[in-house]
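To start, the structure under review is shown below, and the notes come after it.
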Amino acid sequence: MRHRDHVYLSANCISFLSVVEDMESDQLPHFKNLEQYRDVTNTTIDTNYFSITLKNTKDRFAERFEQFKTNKRTLAFIVNPLNTNTNEINIEPFGMDVGSLQMQLLDLKTKDLWSGKFTELKKKLEVQKCMQFAQNKWTSLKEIPR
């Protein structure tokens, strides 16, 4: 994951936790329909139920994505194998032994043709991502009502 992805994910987790805090304080700014229903019907909303559900969701999310933290170096290897120390990654999912992987990476790093091609393709992919992102932003801007 890139730094901006970590920042985005962290920001979403923090905002998610603020929803839980709002729910516990009996305020519902993130749930406008529920707030309107409560105000119109004068009913008591069991915010404790929603709060527990949101906390459980957060905990399950944290459990499922803990693997990303533990496999950070392995995931970085997939994105950029040229700057990888094979002793720091878990190669078990690839079905290879360490010696074979080290030899293949050494071959990749020392052959200018392969390392140059890999770097060139990576740059092209980044440019394509940026162009796609820019195109989506402009399309979204056109759809905004004036």
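The values are calculated or read from the model by the stated rules, or taken from the named source; none is laboratory data. Remember, predicted model here, so these are calculated numbers, not experimental data. Heads up, the Cβs are rebuilt from the backbone with ideal geometry, glycines too, and the neighbour counts pull from every protein chain shown.
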Residues satisfying the stated conditions in region 45-61, i.e. surrounded by 11 or more Cβ atoms within 10 Å (Cβ to Cβ) and in a helix (DSSP H, G or I): 47, 48, 50, 51, 52, 53, 54, 55, 57, 58, 61
Can you find a residue in region 64-74 that is hydrophobic (A, V, I, L, M, F, W, C), at pLDDT 75 or above and surrounded by 15 or more Cβ atoms within 10 Å (Cβ to Cβ)? no
Filtering region 1-44 down to residues that are out of contact with any Asp or Glu (no Cβ under 8 Å at 6 or more places or on another chain), hydrophobic (A, V, I, L, M, F, W, C) and outside any helix (DSSP H, G or I), which residue is modelled with the highest pLDDT? 31
Just to be sure, is residue 139 part of a helix (DSSP H, G or I), at pLDDT below 75 and of a type in the set (Val, Ile, Thr)? yes
Please determine whether any residue of region 111-133 is modelled with pLDDT of 80 or more and part of a loop (DSSP other than H, G, I, E, B). no
